[in-house]
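*Asks:* The structure under discussion is supplied below as structure tokens; questions concerning it will follow.
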Amino acid sequence: MTKKREYSFDILRIISMFMVIVVHVSNVYSRSFGIIGNKSFFISLVFNTISRISVPIFLMISGALLFNRSFNKKKYFQRIIKFILLIIVWDIFYLIWEYYYLNITYTKLYMLIFTPYRAHLWFLYTILILYIIQPVLKLIFDKISNNFKFILLIMWFLFSTLSIINYNIANYFTIFSYMGFFIIGNYLYTYIKDRDLTKYNWFLIISIVCLITTSVLLNYFSSVKRNYFYNIFFAYRTPFIILSSFAFFILVVCNFKKDIKNKFILMLSDVSLGVYLIHGVFLDITVKVFSYQLINSLIGIPTFSLIIFIFSVISVYILKKIKIINYFL
């Protein structure tokens, strides 16, 4: 019997994939505080903040899928080995890419064991750890009651918000913060998959708008006050991003329950990991060829994001035709 494909997860992957690119393009503008105008900076924060739900969504999808499957020892070790190889191959790829294209030399190769060479590859390191400990987490959560699960998740939420109170303390518990998204993905999906919650659509949409608006305003006025780009209020583990991620996840899952039929949607979903991995190349190219700061962020962010997205999708789609390369995409 063929396992039913979750159409809503494909939609979420595609949206999150594009949002990741928007985050990185927006960062170029947001980090140019004082160089670009305040209006352009504010707009960059809007794009940046909205798109911050992308990583939590990816983690929630992974959790929802893995926690609903029985443990398979062979697949477990295959998954671990694959992500170790992905880390090695893509760290080396970007090391070579930056050496020849950006003239950047990296000498601390031993550090690649602990930290990614390229910033966005941190996701591979994080998801690898979560995949390793997932069987233990599943064993624990299968044994405890739903009420106790709920209490633990509330504690996780409260603890994660410590990043606003003391960012340095919260940094020591980063993996704990991401673990929560991994677990909550399964918890939410199990609860909502057989329920019709579409009557709450407007409540969810308004909640997302309010949360994002609050985060944008806090980041903007904090940056202006400090006279530098201050981004603590859209960190992945802040309540604004946590709650807006939950709301968006529920919104999409509840409104896209039909079986998938669109081949284009399927294709985009299947290249999502590859696009995540390779888009840094096209980001580097656009940053080097164009002067982002000379183009208003209202035009620049969607334009450059779309260009990077299109070229990344096309590249991955073509490269996946090559069997040995497909494994790493």
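A short reminder: the numbers here are calculations on the coordinates, not readings from a lab. Please read these numbers as outputs of a predicted model, since none were measured by experiment. Using ideal geometry, Cβ is built from the backbone for each residue, glycine included, and neighbour counts are taken over all protein chains shown.
*Asks:* Kirkwood hydrodynamic radius of the range 7-326 from all distinct Cα pairs, in Å?
*Replies:* 20.8 Å
*Asks:* Considering the alpha-carbon set of the range 33-92 alone, what are its Rg and its Dmax in angstrom?
*Replies:* Considering the range 33-92 through its Cα atoms, Rg and Dmax are 19.0, 55 Å.
*Asks:* Next up: How large is the charge dipole for the chain, taken about the Cα centre, if only the Cβ atoms of Lys, Arg (+1) and Asp, Glu (-1) carry charge, to the nearest 20 debye? Walk me through the numbers on the way to the answer.
*Replies:* Details: 32 positive and 10 negative charges, 162 e Å.
So the magnitude is around 780 debye.
*Asks:* Work out how much length Ile265 to Ile96 would gain on full extension: take 0.36 nm times their residue separation and subtract the Cα-Cα distance, in nm to one decimal. Please report the intermediate quantities before stating the final value.
*Replies:* Values: separation 169, 0.36 × 169 = 60.84 nm, distance 3.26 nm.
In short, 57.6 nm is gained.
*Asks:* Okay, moving on. Kindly rank 65-71, 35-41, 318-324, 270-276 from highest to lowest mean number of other beta carbons found within 10 Å of each residue.
*Replies:* 270-276, 35-41, 65-71, 318-324
*Asks:* Moving on to the next point. Which ordering of Tyr317, Tyr99, Tyr187 is given by a fewest-first count of other beta-carbon atoms within 10 Å? Write down the numbers at each step before the final one.
*Replies:* Working: Tyr317 16, Tyr99 12, Tyr187 20.
Ascending Cβ contact count within 10 Å gives the list Tyr99, Tyr317, Tyr187.
*Asks:* Determine the calculated [θ] at 222 nm for the chain from helices alone, applying -39500 (n - 2.57) to every DSSP H run no shorter than 4 residues and normalising by the residue count; nearest 500 deg cm²/dmol.
*Replies:* About -24000 deg cm²/dmol.
*Asks:* While we're looking at this one, here's another question. Return the FRET efficiency for the residue pair Asp142, Leu294: r is the Cβ-Cβ distance, R0 is 56 Å, and the value is rounded to the nearest 0.05.
*Replies:* Using R0 = 56 Å, I get an efficiency of 0.50.
*Asks:* Using the Cα centre of the chain as origin and beta-carbon charges of +1 (Lys, Arg) and -1 (Asp, Glu), tell me which of Ser215, Val46, Leu124 is placed farthest towards the positive end of the dipole.
*Replies:* It is Leu124.
*Asks:* Now for a separate question. At 0.36 nm per residue, minus the direct Cα-Cα distance, what do Phe159 and Arg195 gain on full extension? Give it in nm, one decimal, please.
*Replies:* Between Phe159 and Arg195, full extension yields an extra 10.0 nm.
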